[in-house]
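K.L.:
Take a look at this one; I'll ask things after.
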Amino acid sequence: MTQTQLLHELEPVVAGELDRHHAMAKEWFPHEYIPWSEGRDFDGVYGGEAWQDGDSKLPEAARVSLIVNLLTEDNLPSYHHEIATTFGRDGAWGTWVGRWTAEEGRHGVAIRDYLTVTRAVDPVALERARMTHMESGFATEYGTMLEQLAYVSFQELATRIAHRNTGRASGDEGCERLLARIAADENLHMLFYRNLLKAAFELDPNQTMRAVTDVVKTFQMPGSSIEGFTRKAMIIANEGIYDLRLHLDDVLMPVLKQWSVFDKTGLDAGGEQAREELAAFLAKTETTAARFVERRAERKARAAQR
Ligand SMILES: [Fe+2]
Ligand SMILES: [Fe+2]
């Protein structure tokens, strides 16, 4: 099946998923999640106090993770461009593209308000990082609709877990409440895409298997182009906010299980080949993840001794 045929065949599924999404999504308001009374003027126009290091009450890892999560949300115009180009603006697909974009827009607004009002991060550094990150934009590595559907299925779940665990790591009740609210949105996004790809598996199992395998093997978080991402990702992984263990156990495996990838019968040679590659990659990832967790525990034990 061509990508155009698949888009057409999936349209009724998109319409059904939109109905389900509308029924399940709860309206919420960013302003209700922000402790405005904690706010104070900054320097500049209002002549208040500039941000200083001691202002933030959050632990370093939570701060780093909040910045990564927010810059990731900030790049929404690029994501919108990518999915609007692939999924189109017509019919149910177009309705979804608009709805999804509007919901994602709320996340960046809410997190930025929270961080600014509570002085959780340096607002000057944050704004400069936003400029740099958005100016470079985001372009998908994936050329087909199936690959993009597979990517967003994993990515929405990864984002949900990153937000949820960042909230926990913040040790700040208000921050945790806001990020849990955002994580609930990400979960509905994941369901939408995961169900669509499940339908694609019915329509063209071999091509879909290939797309899933290629995406799993090359998956990178959407924020991976943020300046200093490698170091930031290390801090986030060391704190257990997001790491390879979580990526495998809480993102890849549950989604692959929902698609029943290892129970599918009747694949052709190409489909079987893709599935074998996937299994081999998952086994290799399991080894790497286990080694990472072991080394992290050793490092922590050594640090505790010092
Ligand atoms: Fe989001
Ligand atoms: Fe999302």
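The values are calculated or read from the model by the stated rules, or taken from the named source; none is laboratory data. Since the structure is predicted, the reported quantities are computational estimates derived from the model, not experimental observations. Note that we place each Cβ from the backbone using ideal geometry, even for glycine, and neighbour counts take in every protein chain shown. The area values use the complete protein model at the heavy-atom level, side chains included, leaving out ligands, DNA and RNA. Shrake-Rupley method; radii C 1.70, N 1.55, O 1.52, S 1.80 Å.
K.L.:
Restricting attention to the range 108-139, which residues are in a loop (DSSP other than H, G, I, E, B) and not polar (S, T, N, Q)? Steps first, answer last, please.
P.N.:
Narrowing the range 108-139 to residues in a loop (DSSP other than H, G, I, E, B): 118-122, 137-139.
Residues satisfying the conditions are Arg119, Ala120, Val121, Asp122, Gly137, Phe138, Ala139.
K.L.:
Considering only the range 92-134, state which residues are without any contact (Cβ under 8 Å) to a residue 12 or more places away in the chain, more than 16 Å from Leu70 (Cβ to Cβ) and either within 16 Å of ligand 2 (Cβ to nearest atom) or open to solvent by 40 Å² or more (accessible area, probe 1.4 Å) (or both).
P.N.:
Once the filter is applied, which keeps residues that are without any contact (Cβ under 8 Å) to a residue 12 or more places away in the chain, more than 16 Å from Leu70 (Cβ to Cβ) and either within 16 Å of ligand 2 (Cβ to nearest atom) or open to solvent by 40 Å² or more (accessible area, probe 1.4 Å) (or both), the range 92-134 yields Gly98, Ala102.
K.L.:
Can you tell me how many residues within the range 175-189 are within 14 Å of ligand 2 (Cβ to nearest atom) and either of a type in the set (Asp, Glu) or open to solvent by less than 10 Å² (accessible area, probe 1.4 Å) (or both)?
P.N.:
6
K.L.:
From the set of residues in the range 213-239 that are part of a loop (DSSP other than H, G, I, E, B) and under 16 Å from the mean Cα position of the chain (by Cα), which is surrounded by the most Cβ atoms within 10 Å (Cβ to Cβ)? Write out each step before concluding.
P.N.:
Taking the range 213-239 as the starting set, the residues that turn out to be part of a loop (DSSP other than H, G, I, E, B) are 219-221, 226-228, 239.
When the remaining residues are screened for being under 16 Å from the mean Cα position of the chain (by Cα), the result is 219-221, 226.
Details: Phe219: 17, Gln220: 11, Met221: 20, Ile226: 22.
Out of the qualifying residues, it is Ile226.
K.L.:
Follow-up. Report the residue count in the range 15-36 for those that are under 28 Å from Ala110 (Cα atoms) and either among the polar types (S, T, N, Q) or assigned to a helix (DSSP H, G or I) (or both). Walk me through it before giving the result.
P.N.:
Here is the first cut: in the range 15-36, the ones under 28 Å from Ala110 (Cα atoms) are 17-36.
This time we only want the ones that are either among the polar types (S, T, N, Q) or assigned to a helix (DSSP H, G or I) (or both), so: 17-24, 30-33, 36.
Summing the residues that are under 28 Å from Ala110 (Cα atoms) and either among the polar types (S, T, N, Q) or assigned to a helix (DSSP H, G or I) (or both) in the range 15-36 gives 13.
K.L.:
Kindly indicate which of Ala61, Ala50 is closer than 25 Å to Ile226 by Cβ and part of a helix (DSSP H, G or I).
P.N.:
Result of the check over Ala61, Ala50: Ala61.
K.L.:
I'm trying to understand the selection: among the residues of the range 39-53, which are open to solvent by less than 90 Å² (accessible area, probe 1.4 Å) and under 30 Å from the mean Cα position of the chain (by Cα)? Explain how you work it out, then say what you get.
P.N.:
Step one: of the range 39-53, the residues open to solvent by less than 90 Å² (accessible area, probe 1.4 Å) are 39, 41-44, 47-48, 50-51.
Those that are open to solvent by less than 90 Å² (accessible area, probe 1.4 Å) and under 30 Å from the mean Cα position of the chain (by Cα): Gly39, Trp51.
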